1. Any idea what Rg and Dmax come out to for the range 212-363 if you just take the C-alpha atoms, in Å?
2. Counting only other residues whose beta carbon sits under 10 Å from that of I125, what net charge do I get with K and R as +1, D and E as -1?
3. Would you mind listing how long the range 147-249 runs along its three principal axes, going by Cα atoms, in whole Å with the largest first?
4. Please report, in whole Å, how far the alpha carbons of the range 114-168 spread along each principal axis, starting with the longest.
5. If Rh is defined by the Kirkwood formula over all Cα pairs and Rg also comes from Cα, what ratio Rg/Rh do you get for the range 349-448?
6. Average projected area of the Cα convex hull of the range 1-158, in nm²?
7. Accessible area of the range 60-191 with a 1.4 Å probe: how many percent of it is carbon plus sulfur?
8. Okay, helix-only estimate at 222 nm for the chain: each DSSP H run of n ≥ 4 adds -39500 (n - 2.57), divide by all residues, round to 500 deg cm²/dmol; what do you get?
Amino acid sequence: MSNLKGRIQEIYDQVVRRNPGEPEFHQAVKEVIETLGTVLEKHPEYVEQKIIERICEPERQIIFRVPWIDDKGEIHINRGFRVQFNSAIGPYKGGCRFHPSVYLGIIKFLGFEQLFKNSLTGLPIGGAKGGSDFDPKGRSNNEIMRFCQSFMNELYRYLGEHTDVPAGDIGVGGREIGYMFGQYKRLTNRYETGVFTGKGLTYGGSLARTEATGYGLIFFTHEMLATRKQSFDGKTCLVSGSGNVAIYTMEKVQKFGGKVVACSDSNGVIYDKKGIDLVTVKRLKEVERRRIRDYCEVHPDAEYREKGVIWEIPCDIALPCATQNELNGESAAKLIKNGCIAVAEGANMPTTPEGIKVFQDAGIMYAPGKASNAGGVATSALEMQQNASRDSWDFDFTEKKLHIIMKKIHASCFETADTYGCPGNYVIGANITGFRKVADTMIAMGLI
Ligand code: NDP
């Protein structure tokens with residue numbers, strides 16, 4: 001085992017050397033490969049076949065110029081990315097993120113996480129991620145459209161329903177997918193619905209896809225709570241962010257009898273002791289695209305904390321749904337001190353390694369995003385199934401399928417953690433389950 005530990009450290013050192021200046025990617029790799037020691041011990045073929053080394057190197061990385069013109073006629077140049085990480089178990093699949101913080105290291109960390117998450121869903125989808133350092137905030141509809149069209153002018157040549165199927169992520173929702181799909185159709189002269197997911201309902205989208213990541217998170221958390229004879233009923237919850245994942249997380253928490261008292265955006269935190277009013281949040285964020293501080297115009301009793309830290313508010317259950325590394329060791333300690341019993345991630349890698357250690361040392365329930373937020377991509381795969389059969393399913397049917405998938409993901413993470421001697425450790429359960437399917441497939445396919 002000590003030899004294996006040394007080997008894992010060598011692999012990690014090599015990843016850092018070959019991918020300089022990409023701390024988020026290093027963090028994501030470290031978090032996964034550190035948990036694989038016992039699997040490598042049981043399966044020496046993974047070491048002989050250099051599966052980890054291969055998995056850490058994306059199959060293909062595409063970086064391109066995205067020029068576009070704003071409403072005043074000024075030219076802007078952004079950078080576009082698509083990292084096609086691994087296609088062993090299916091076509092590349094993963095969202096696109098438009099945010100000024102995007103650079104290659106962010107896309108690589110997201111693509112790496114995606115590979116394990118997609119494997120966990122049990123569906124035939126490989127891992128990828130894309131995006132741009134374009135900032136959509138404050139841009140008009142026409143500017144967003146011109147940007148999306150220019151982004152697609154390059155990206156289209158790498159996509160296809162059997163090749164690579166993008167979707168949304170931060171800054172990319174139904175509107176952006178519509179503009180990208182429209183441009184793809186023009187460029188290729190193909191009505192290939194299976195090439196994007198998260199589409200509008202009039203051109204091949206799936207009911208329940210918008211809600212899927214948040215709903216799936218709560219289905220998973222419900223299962224996790226049940227392992228300790230707990231439930232959402234009467235629990236106070238915090239949900240960071242107020243975007244797609246956060247909104248439908250809040251909606252499902254409320255349906256399960258919990259009370260969300262706070263949510264946020266990158267400017268500040270809303271604390272509403274009476275419980276967050278979702279109608280207001282949806283109007284502000286989905287319709288009017290405004291800031292969360294404006295919530296107080298409708299609910300003057302609620303408190304707005306500019307630049308506040310949401311995790312300082314006492315809660316039973318914390319649901320980070322905004323962005324990576326938003327919950328550090330200090331915030332984790334504060335949550336524990338305030339009596340938090342469970343943390344489940346809707347965002348990708350929102351908890352820092354120090355934060356995860358605090359949760360694990362305290363013995364509270366902790367669900368890593370690659371397992372608990374997999375409902376989004378799972379429902380994207382259901383959208384692909386509907387497109388392939390030129391069918392469309394109703395909301396309840398699709399939601400039920402999502403529910404079953406999340407239960408299965410929970411069960412497989414829980415059982416794998418047990419099998420490998422770490423009961424209740426969902427990090428180990430998720431990493432090992434996700435890894436093994438990809439590793440076995442790569443071996444079956446020869447040196448790929
Ligand atoms: P949205 O763009 O809809 O919402 C993102 C939310 O997070 C906004 O409230 C945004 O605030 C906030 N946020 C973004 N960046 C920061 C930051 N640097 N600091 C503080 N707050 C920030 O994105 P999604 O809801 O789709 O995605 C949220 C998270 O969930 C991401 O980590 C994403 O990768 C993950 N995810 C999304 C899936 C999906 O189906 N959409 C699937 C699985 C995971 P502001 O408006 O101020 O920027």
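1. Rg then Dmax for the range 212-363, in Å: 14.2, 43.
2. Result for the neighbourhood of I125: +2.
3. 54, 25, 24
4. 39, 24, 16
5. In the range 349-448, Rg relative to Rh is 1.06.
6. 10.4 nm²
7. 46 percent
8. Rounded to the nearest 500, it is -14500 deg cm²/dmol.
The values are calculated or read from the model by the stated rules, or taken from the named source; none is laboratory data. Treat the numbers as computed from the prediction; the structure is a model and nothing was measured. A quick note on method: Cβ atoms are made from the backbone with ideal geometry, for glycine too, and the neighbour counts reach across all protein chains shown. In case anyone asks, the SASA skips ligands and DNA or RNA and just uses the protein heavy atoms, side chains included. Shrake-Rupley method; radii C 1.70, N 1.55, O 1.52, S 1.80 Å.
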